[in-house]
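**Student:** The structure's right below; bear with me while I get my questions together.
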Amino acid sequence: MTDREINEPGVGKQRLADILNNDDQRVVYYPQTANVFKSAGSVNYVHGGASLQEMLVPLLEVKTTSNRSQAVDVELQLMSTNRNITSLEVPIRLLQAKPIDSIYRPTTYKVYFQNSNGELISAKTTINANLTAVKVEDRMIDFSINLIDKQYDKSSKYYFVIENANTGDVSKTEYSMDIATFGDFDF
């Protein structure tokens, strides 16, 4: 591409003003045949004709349907099947439902136990759902939650809570309490 006029055999040209529909005075020059011809420059320089990469410039048009990312928060699912609490240390198994990728973004969750009045009966544990593993077994999260050491009413309802720390969305699973106390034993 140049402002100069070149008149050589086997060389074609196209004005940019004609292509772009503007006042650009530059001209694009290109070989018209696949024959080998010498070009100005080094004595040993020989051009082998036009290649597709030299002749075409790709133009990509990208359209998005919204200004926001389509990615959603990855979910945590409770996999523990025992819903009966028998000690102050409760083993928990969670599954990160999908691996992190362009569709599912990492998410921070708070998990804890509460009673039917919404009062905490354990500390809140932070879980970072950021696993990229494709295999389901590699996205399992095992840990224990310690309950507050106090008397629990066996007839009351208790809940394991998974709370999305970013959105505040909450998922609750009901548990029953059956922790033995000293008064439950006959010695």
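**Student:** Looking for something surrounded by 13 or more Cβ atoms within 10 Å (Cβ to Cβ), within 32 Å of the chain's Cα centre (by Cα) and of a type in the set (D, E, K, R) - is there at least one such residue anywhere in the range 130-138?
**Tutor:** No, the conditions are met nowhere in the range 130-138.
**Student:** Tell me which residues, restricted to the range 47-62, are surrounded by 10 or more Cβ atoms within 10 Å (Cβ to Cβ) and either part of a loop (DSSP other than H, G, I, E, B) or modelled with pLDDT under 60 (or both).
**Tutor:** Of everything in the range 47-62, those that are surrounded by 10 or more Cβ atoms within 10 Å (Cβ to Cβ) and either part of a loop (DSSP other than H, G, I, E, B) or modelled with pLDDT under 60 (or both) turn out to be 47, 48, 49, 50, 51.
**Student:** Only one of (1) surrounded by 12 or more Cβ atoms within 10 Å (Cβ to Cβ); (2) more than 19 Å from residue 174 (Cα to Cα); (3) among the hydrophobic types (A, V, I, L, M, F, W, C) is not met by residue 121, so which one is it?
**Tutor:** Among (1) surrounded by 12 or more Cβ atoms within 10 Å (Cβ to Cβ); (2) more than 19 Å from residue 174 (Cα to Cα); (3) among the hydrophobic types (A, V, I, L, M, F, W, C), the lone unmet condition for residue 121 is (2).
**Student:** So, one more: Identify, by number, the condition in (1) surrounded by 17 or more Cβ atoms within 10 Å (Cβ to Cβ); (2) within 20 Å of residue 71 (Cα to Cα) that residue 103 doesn't meet.
**Tutor:** (1)
**Student:** Could you please let me know if residue 142 is acidic (Asp, Glu), within 21 Å of residue 77 (Cβ to Cβ) and loosely packed, with under 14 Cβ neighbours inside 10 Å?
**Tutor:** Considered against the rule, which asks whether it is acidic (Asp, Glu), within 21 Å of residue 77 (Cβ to Cβ) and loosely packed, with under 14 Cβ neighbours inside 10 Å, residue 142 comes out as yes.
**Student:** Follow-up question, since we're still on this one. Name every residue in the range 78-114 that is within 30 Å of residue 155 (Cβ to Cβ) and not in a strand (DSSP E or B), in order of residue number.
**Tutor:** 79, 80, 81, 82, 83, 86, 87, 88
The values are calculated or read from the model by the stated rules, or taken from the named source; none is laboratory data. Keep in mind it's a predicted model, so treat the numbers as computed, not measured. All Cβ positions, glycine included, derive from the backbone under ideal geometry; neighbour counts span all protein chains shown.
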